[in-house]
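The values are calculated or read from the model by the stated rules, or taken from the named source; none is laboratory data. This one's a predicted model, so the numbers in the text were calculated from it and none came from an experiment. Every residue, glycine as well, gets a Cβ built from its backbone with ideal geometry; the counts of neighbours run over all protein chains shown. Keep in mind that these areas ignore ligands, DNA and RNA; they rest on the heavy atoms of the full protein, side chains included. Shrake-Rupley method; radii C 1.70, N 1.55, O 1.52, S 1.80 Å.
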Amino acid sequence: MFNIYNVQQVKDLQGVKGQLFSNNFAPTLCSKLIGVYPEKGYCTYMDERGRYESNKDIEPRRGVHRMPISIMWNAFFY
């Protein structure tokens, strides 16, 4: 899988570190950006409690998870 990203995308993501975003890959559909690692080509995130009534009872997965920079950028800015 290609992970194509540019310097501006990395800067954009570093500016929103710590913020919540909608994450289709999380069981709660809600996660928080923890770190951006351009040298490795990925970002880290943690699942958070859901923001919507329909998934308030779903437990977030434990631990820190990885996502490619390009997909993370799309989650925030596309």
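Can you compute the helix-only [θ] at 222 nm over the chain? Use -39500 (n - 2.57) per DSSP H run of at least 4 residues, normalise by all residues, nearest 500 deg cm²/dmol.
Dividing the helical sum by the residues of the chain leaves -6500 deg cm²/dmol.
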(request) Let me know the charge dipole size of the chain about its Cα centre in debye, to the nearest 20, where only the beta-carbon of Lys, Arg (+1) and Asp, Glu (-1) is charged. (result) 140
(request) Show SER70, SER31 ordered by accessible area, largest first, where the area counts protein heavy atoms only and the probe is 1.4 Å. (result) SER70, SER31
(message) Could you derive backbone 3J(HN,Hα) for segment 56-63 from the dihedral phi with the Karplus parameters 6.51, -1.76 and 1.60 (θ = phi - 60°), listing whole Hz in sequence and x where the residue is Gly or Pro?
(response) 5, 8, 7, 7, x, 5, 7, x
(message) Ordering ARG61, ARG49, ARG66 by accessible area with a probe of 1.4 Å, largest first, what comes out?
(response) ARG66, ARG49, ARG61
(message) Quick check: at a probe of 1.4 Å, how many percent of the accessible area of the chain sits on carbon and sulfur atoms?
(response) 52
(message) Can you give me the solvent accessible area of LYS32 with a 1.4 Å probe, rounded to the nearest 10 Å²?
(response) 70
(message) I'd like the accessible area for LEU20, computed on protein heavy atoms only with a 1.4 Å probe and all protein chains in place. Round to 10 Å², please.
(response) 80
